[in-house]
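Below is one structure; the comments refer to it alone.
The values are calculated or read from the model by the stated rules, or taken from the named source; none is laboratory data. For clarity, every value in this text was computed on a predicted model and none was experimentally measured. For neighbour counting, all protein chains shown are included, and Cβ atoms are generated from backbone atoms with ideal geometry for every residue, glycine included. We work out accessible area using only protein heavy atoms, side chains counted, and drop any ligands, DNA or RNA first. Shrake-Rupley method; radii C 1.70, N 1.55, O 1.52, S 1.80 Å.
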Amino acid sequence: MAARPIATLTVSFGLVSIPVKLYSATEASRAISFNLLHKACGSRLKQQYVCVKEDVIVPREDMVKGYEFEKDQYVQFTPEELKLLEEAGTHTADIAEFVPIESIDPVYFDKAYYLAPDKGGAKPYALLARALRESKRCALGRWAARGKQYIVMIRPGGVGNEDGLVMQQLLYAGEVRSIKELEIPDTEVKDAELKLAQQLIEQQASDKFDPSTYTDEVRARVEAAVQKKVEGQEITMVDAPEGGAEVIDLMEALRASLDKKKAPAKAETESRKAPRRVQQAEAAPKKAAKR
């Protein structure tokens, strides 16, 4: 099924305007969700809101939103007041600056969208994509939608098409905690330990990320369990695996990790040599017979 755009907008930088179509880059529908049921009869449950003071069910028409400015102290806002506070959608992503792609920590990444050129936008779209790719930079700007204002990063790429453009929503600085809040002690790393760790990294290194090598095993397990339930089968409980032993000697753990990776490679080499040894063994009796 062909992808359907969820919106249209204009990407602008300088005096250049690029009409584009917006597509969701991820599939939220892939998530498995469960509904709450009444255990006795299996019917769906509906949510109700109860006033904590009067202990009565409050209908939706009697609800109002409020902001807690002190403990149990609220200021109320009407729907009209909240509407006035919303950001008006502009249908435009205004580029403010261009920065090196590697300068943005992925911790700031939020939802991703694909951009495709709309009518009349093919040429400037291709120009921006190539310019960003060759300069190894990305564009930063603002985009207003759904009553909110977002920081967006536009970068070249996209799964399976390096000529495309991706618009990535970014989190604001206040939405990302600093790692300095954590207690990370200064710890000496010995040269020998560092060398073994680097060897282990090189041993498991790949030229690029291939997402197809990773599968969602939990999703597959849940889907299989759901199918069994639908077919009237019982689910067999499996004991959870025991946790790994505590690592005491870092050097020994690194050496063991390297040996573990070398073992499969050695076994594969031996298996390739085995047929030759067998042939030699078979040939030996024939030579003896000639003598």
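Go through the residues of segment 54-63 one by one and say whether even a single one is of a type in the set (A, V, I, L, M, F, W, C) and not in a loop (DSSP other than H, G, I, E, B). Walk me through how you get there before you give the answer.
First pass over segment 54-63, keeping only residues of a type in the set (A, V, I, L, M, F, W, C): 56-58, 63.
Keeping just the survivors that are not in a loop (DSSP other than H, G, I, E, B) gives 57.
Scanning segment 54-63 turns up at least one residue that is of a type in the set (A, V, I, L, M, F, W, C) and not in a loop (DSSP other than H, G, I, E, B).
Restricting segment 93-141 to residues that are open to solvent by 80 Å² or more (accessible area, probe 1.4 Å) and assigned to a loop (DSSP other than H, G, I, E, B), which is farthest from MET167 (Cα to Cα)?
Out of the qualifying residues, it is LYS119.
Considering only residues that are among the small types (Gly, Ala, Ser) and free of Cβ contacts under 8 Å to residues at least 60 places away in the same chain, look in segment 15-53 and name the one that is surrounded by the most Cβ atoms within 10 Å (Cβ to Cβ).
Initially, segment 15-53 is screened for residues among the small types (Gly, Ala, Ser), giving 17, 24-25, 28-29, 31, 33, 40, 42-43.
Narrowing the set further to residues that are free of Cβ contacts under 8 Å to residues at least 60 places away in the same chain leaves 28-29, 31, 33, 40, 42-43.
Working: ALA28: 7, SER29: 7, ALA31: 7, SER33: 5, ALA40: 6, GLY42: 7, SER43: 9.
Result: SER43.
Given the conditions (1) part of a strand (DSSP E or B); (2) under 33 Å from the mean Cα position of the chain (by Cα), and given that VAL75 satisfies all but one, which numbered condition is not satisfied?
With (1) part of a strand (DSSP E or B); (2) under 33 Å from the mean Cα position of the chain (by Cα) applied to VAL75, the lone miss is (2).
Regarding TYR67, is this residue more than 31 Å from the chain's Cα centre (by Cα) and either open to solvent by 70 Å² or more (accessible area, probe 1.4 Å) or modelled with pLDDT under 90 (or both)? Spell out the reasoning first.
Working: more than 31 Å from the chain's Cα centre (by Cα): yes; either open to solvent by 70 Å² or more (accessible area, probe 1.4 Å) or modelled with pLDDT under 90 (or both): yes.
The answer is yes for TYR67.
Would you be able to say whether some residue in segment 63-76 is in contact with a helix residue (DSSP H, G or I) (Cβ under 9 Å, 6 or more places away or on another chain) and of a type in the set (Phe, Trp, Tyr)? Talk me through it step by step, then tell me what you get.
Going residue by residue through segment 63-76, those that are in contact with a helix residue (DSSP H, G or I) (Cβ under 9 Å, 6 or more places away or on another chain) are 64-65.
Then keep just the ones that are of a type in the set (Phe, Trp, Tyr); that gives none.
No: segment 63-76 contains no residue that is in contact with a helix residue (DSSP H, G or I) (Cβ under 9 Å, 6 or more places away or on another chain) and of a type in the set (Phe, Trp, Tyr).
Within segment 186-235, can you find the residues that are open to solvent by 90 Å² or more (accessible area, probe 1.4 Å), part of a helix (DSSP H, G or I) and closer than 14 Å to SER257 by Cβ?
Selection gives LYS195, GLN198, ILE201, GLU202.
Which of (1) under 32 Å from the mean Cα position of the chain (by Cα); (2) surrounded by 12 or more Cβ atoms within 10 Å (Cβ to Cβ) is the odd one out, the single condition VAL58 does not satisfy?
(1)
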